[in-house]
1. If you count only protein heavy atoms with a 1.4 Å probe, what accessible area per residue comes out for the chain, rounded to a whole Å²?
2. Using the charge dipole of the chain (Lys, Arg: +1 at Cβ; Asp, Glu: -1 at Cβ; taken about the Cα centre), state which of Gly409, Ala252, Pro51 has its Cα farthest towards the positive end.
3. Residue by residue through the range 111-120, what is 3J(HN,Hα) from phi via Karplus (6.51 cos²θ - 1.76 cosθ + 1.60, θ = phi - 60°)? Round to whole Hz and write x for glycine and proline.
4. Considering only protein heavy atoms, with the full assembly of protein chains and a 1.4 angstrom probe, order Leu256, Leu148, Leu417 by accessible area, largest first.
5. Can you list residues from other chains, or at least 5 along the same chain, whose modelled amide H is less than 5 Å from the amide H of Val398?
6. Is the C-alpha gyration tensor of the range 333-432 telling us rounded, prolate or oblate? Criteria: a/c under 1.5 is rounded; beyond that, a/b larger than b/c is prolate, otherwise oblate.
7. Where the only charges are on Cβ atoms (+1 Lys, Arg; -1 Asp, Glu), what is the dipole of the chain about its Cα centre, to the nearest 20 debye?
8. Scan (1) 26.1; (2) 29.7; (3) 32.1 for the value of Kirkwood radius over Cα pairs in Å calculated from this model and give just the label.
Amino acid sequence: AKSISKCYVQVTGMTCASCVANIERNLRREDGIHSILVALMAGKAEVRYNPAVIHPSAIAELIRELGFGATVMENFGEGGGILDLVVRGMISAACVHKIESTLMKTNGILYCSVALATNKAHIKYDPEIIGPRDIIQVVKDLGFTTTLVKKDRSASHLDHRQEIRQWRRSFFVSVVFCIPVMAMMIYMMVMDSQLSDAHKHHNMSDEEMETIHSSMILEHQLLPGLSVMNFLSFLLCVPVQMFGGWHFYIQAYKALKHKTANMDVLIVLATSIAFVYSFVILLVAMAEKAKVNPVTFFDTPPMLLAFISLGRWLEHVAKGKTSEALARLISLQATEATIVTLGPDNVLLSEEQVDVELVQRGDIVKVVPGGKFPVDGRVVEGHSMVDESLITGEAMPVTKKPGSTVIAGSINQNGSLLISATHVGADTTLSQIVKLVEEAQTSKAPIQQFADKLSGYFVPFIVVVSVVTLFAWIVIGFVDFEIVEKYFLGYNKSISAAEVIIRFAFQASITVLCIACPCSLGLA
């Protein structure tokens with residue numbers, strides 16, 4: 001017999017089953033091509049050819065001439081099939097050795113490892129030569145009972161309910177405390193602007209302004225240096241920082257442990273510093289019994305955490321929707337298949353029910369009316385109508401006759417069909433769709449990766465800038481104190497110039513941190 005080689009070609013630009021048929025039909029006519037199998041969702045073609053007549057690069061060229069993109073996939077074929085078995089009846093290491101050595105001698109098995117402790121066998125094989133049923137038979141012939149490791153079909157790893165709950169709680173905690181803080185802030189802004197207008201029109205002195213200012217209810221001092229506004233803001237800020245920001249702290253800690261800085265680190269940095277700084281400033285003001293209420297940043301954490309929790313909550317809700325759809329897709333897969341043995345002239349010799357994972361390529365599978373197709377295949381015998389709406393969305397049944405392709409998961413309607421399996425296990429159209437959706441779920445959008453990468457540089461950059469601000473103002477202050485005096489209004493005249501400078505410098509650098517961190521980059 002002439003030698004036959006196999007190659008895989010990555011094909012791009014296929015949109016539907018007719019593209020697949022087009023490629024298969026045209027390539028079969030070519031000299032030296034033995035057979036071709038194209039998988040639409042995986043975008044790959046498996047070609048068996050005679051290397052004396054044609055080369056893989058020439059095959060790819062033929063596909064390109066049909067108007068598709070094609071590249072030869074190097075060293076792809078070695079992957080083969082993987083089988084996990086539970087093997088019962090092993091007593092000692094001798095049994096393990098017996099199974100392993102027998103399997104490794106079997107043609108088509110590439111790798112095999114058996115663990116006595118867990119009763120499991122992990123086998124890699126070439127699906128062209130051997131299939132899962134043959135392997136199980138080999139193990140049974142050695143006198144062991146064996147079953148497939150059951151796959152989890154429930155898609156529980158796609159369940160986003162817990163995250164949705166967690167972020168929703170985070171958001172509501174933050175919002176409840178955020179609204180009063182915002183209200184107070186807006187009230188203060190309005191009052192301030194009215195006061196400054198009055199100041200312009202009535203030429204009041206600064207002292208009079210101060211008295212009016214402090215007579216406002218929110219600026220009223222409960223204790224010297226502690227205004228109602230600051231006290232309420234502090235009370236409202238604590239629970240947000242504790243409960244609203246809890247998940248951010250955990251995430252940020254994990255990121256820092258791996259020496260990376262992501263969005264969570266930024267958020268935690270901003271909120272914690274704003275909170276701690278404001279708290280310390282309040283304590284200092286109270287200790288000094290300051291007349292003028294210090295400027296605090298208690299409004300930053302609740303608002304920032306509310307916005308970001310909302311974003312995360314929405315993101316998980318969206319992911320949850322996709323996951324539901326995916327779980328429904330997974331549930332469309334058939335669990336069993338009826339494999340038949342045909343004699344000459346397609347006479348039925350025997351049939352047996354097996355697990356879907358045990359169907360091998362080239363098996364003849366019988367599908368009764370109303371049954372689901374367990375694998376992708378080609379009709380060998382029979383005529384029927386098939387509902388393929390799960391893939392195509394087309395409600396009208398499609399006629400199938402010998403030679404037509406069928407899709408796993410679609411429903412056979414009125415006639416009994418015998419099909420020859422072409423794509424089994426993870427290669428079926430349905431499995432590929434599920435895999436694509438899962439990959440889309442777990443991978444980040446390119447822009448999101450870019451944002452994370454940027455924030456990796458952004459965090460250290462902002463920290464550096466704020467430290468520079470701190471030292472710059474300290475230097476400026478000691479060189480020319482009047483500049484600081486001009487910008488740092490209402491400081492306590494009784495404290496030393498050095499302290500004023502340091503306080504002002506701190507205020508400036510903290511402002512840089514607090515303003516840079518809730519950056520639109522992170523929110524977006």
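The values are calculated or read from the model by the stated rules, or taken from the named source; none is laboratory data. A quick note: this is a predicted structure, and the numbers were derived from the prediction, not measured. All Cβ positions, even for glycine, are placed from backbone atoms using ideal geometry, and neighbour counts span all protein chains on display. To get the accessible areas, we keep the full protein, side chains included, count just its heavy atoms, and leave off ligands, DNA and RNA. Shrake-Rupley method; radii C 1.70, N 1.55, O 1.52, S 1.80 Å.
1. 54
2. Value: Pro51.
3. Couplings: 7, 8, 9, 10, 10, 5, 4, 9, 6, 10 Hz.
4. Leu256, Leu148, Leu417
5. Those qualifying (amide H under 5 Å, at least 5 residues apart or on another chain) are Val386, Asp387, Glu388.
6. Since a/c reaches 1.5 but b/c is at least a/b, the shape of the range 333-432 is classed as oblate.
7. 1080
8. So the structure-derived entry is (2).
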